[in-house]
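First up is the structure itself, then whatever we jot down about it.
The values are calculated or read from the model by the stated rules, or taken from the named source; none is laboratory data. In this text, all values refer to a predicted model and were calculated from it rather than measured experimentally. Cβ placement follows ideal geometry from the backbone for every residue including glycine, while neighbour counts extend to all protein chains displayed. What goes into the accessible areas is simple: the full protein's heavy atoms, side chains included, and nothing from ligands, DNA or RNA. Shrake-Rupley method; radii C 1.70, N 1.55, O 1.52, S 1.80 Å.
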Amino acid sequence: TGKGARKFLDYILAGRIPKEGRIILTPMLTPKGKLYGDLTVACLNEEKFMIFGSGAAQEMHRRWFEKFLPEEGEVKYKNRSDDFHGIAISGPNSRKLLSKICREDISAEKLKFRDTKETFVAGVPAILNRLSFSGELGYEIYVAPQFQLKLFEEIEKNGKDLGLKLYGSRALMSLRLEKNWGAWFLDFRPDFTPAESGLDAFINWDKDFVGKKAAIKEKKQGPTKKLVTMIVDTEDIDVTNDEAILKANKCVGYVTSGGYAHHVKKSMALGYVPIELSKHETTLEVEINGKLYLSHVTDRPLYDANGGKMKS
């Protein structure tokens, strides 16, 4: 928060800072051009921003933010993880459900993909984000802890005739595989660069930011490896992380995450491989429990490739 909030974020984050009422995804880099964050930034107003990131990284991010805070006090930062609890609703009927418990117009025209607003949901004050990590139309609703039970009960009651089912983090981690989406501390971490991970697509190269010099150098030279998604030809076992990726009996990388994608019924894995092996339909092998399984690189999501459902 504060008069200097936008300027502060514009420097420590490599991406564009959103306008009021909008949300962006941005990488945060070290001076050496390595990933230090994969963050969602919501602009509630010109002097109030909310940053959403991995809970496991919040302490390292707190220290990073405070390291760069200006001394004159134009910016104030606070970790609000204990002040807000979140519930996500996703799926083709999520807008119908939300419209029953939200007093505002949340039509596609009034609440666009990547919009944010402070409003009331289920009769309680909330921050409402139109985002989804599931790959479907979806919303994230953040409320104070004492309001979460009320929010949940209203969602449960009003969703009964819409086919409401509960889902948790394991389901979410499966759904994101069908969208070729990496996860922090697995596929995204300080071992890798934005160009290697594909997060360079979210960088604003027209401004100054922490790590720009190193990132530009890599951009000119090109990365030597790339994060890829693979479909693994197996029916009875999946990767768990760190399995070897091979080409012509030579280890060329390792699995950073993966599992079974239940909707498309495919075993999938993500990992970094040499750039020449990152093209669509390249054949590789993944070692699981000492056995090699044929794998195929895919550069397009297996579900809703153009994101039409999520943006509908």
Farthest towards the positive end of the dipole of the chain, among G73, W184, A122 and with Cβ unit charges of +1 on Lys and Arg and -1 on Asp and Glu, lies the Cα of G73
Set the bar at 25 Å for Cα to Cα. Now go through K250/K291; K179/K291; K100/K311 and name every pair that lies beyond it. K179/K291
With +1 assigned to the C-beta of every Lys and Arg and -1 to the C-beta of every Asp and Glu, and no other charges, what is the dipole magnitude of segment 1-51 about the Cα centre in debye, to the nearest 20? 120
Of all accessible heavy-atom area on the chain, the percent that carbon and sulfur account for (1.4 Å): 50
Could you list log10 I(q)/I(0) for segment 119-188 at q = 0.16, 0.20, 0.24 Å⁻¹, which the Debye formula gives when each Cα is one point scatterer? -0.70, -0.98, -1.17
With Cα springs under 10 Å, the Gaussian network model of the chain assigns the largest mean-square fluctuation among A183, A14, A171 to A171
Principal axis dimensions, segment 163-312 - Cα atoms, whole angstrom, descending: 47, 47, 24
Quick check for you: with a 1.4 Å probe and neighbouring chains kept, what is the accessible area per residue of the chain, in Å²? 52
Note on segment 172-312, DSSP bridge orientation, antiparallel percent to nearest 5 equals 95
Radius of gyration and Dmax for segment 111-237's Cα atoms, expressed in Å? 19.6, 56
Scalar couplings 3J(HN,Hα) for segment 254-271 by Karplus 6.51 cos²θ - 1.76 cosθ + 1.60 (θ = phi - 60°), nearest whole Hz, x for Gly and Pro, are 8, 6, 9, 6, x, x, 9, 8, 5, 5, 8, 6, 10, 8, 10, 8, 10, x
Classified through the alpha carbon gyration tensor (a ≥ b ≥ c as square roots of its eigenvalues; rounded if a/c is under 1.5, else prolate when a/b is larger than b/c, else oblate), the chain comes out oblate
Nothing charged except the Cβ atoms of Lys and Arg (+1) and of Asp and Glu (-1): what's the magnitude of the dipole of the chain about its Cα centre? Round to the nearest 20 debye. 660
If you average the alpha carbon positions of segment 203-234 and of segment 247-312, how far apart do those two centres end up, in angstrom? 19
Fluctuation leader among G37, G73, G253 - the chain, Gaussian network, Cα springs under 10 angstrom: G73
Can you tell me what the convex hull of the Cα atoms of segment 17-114 projects to on average, as an area in nm²? 8.3
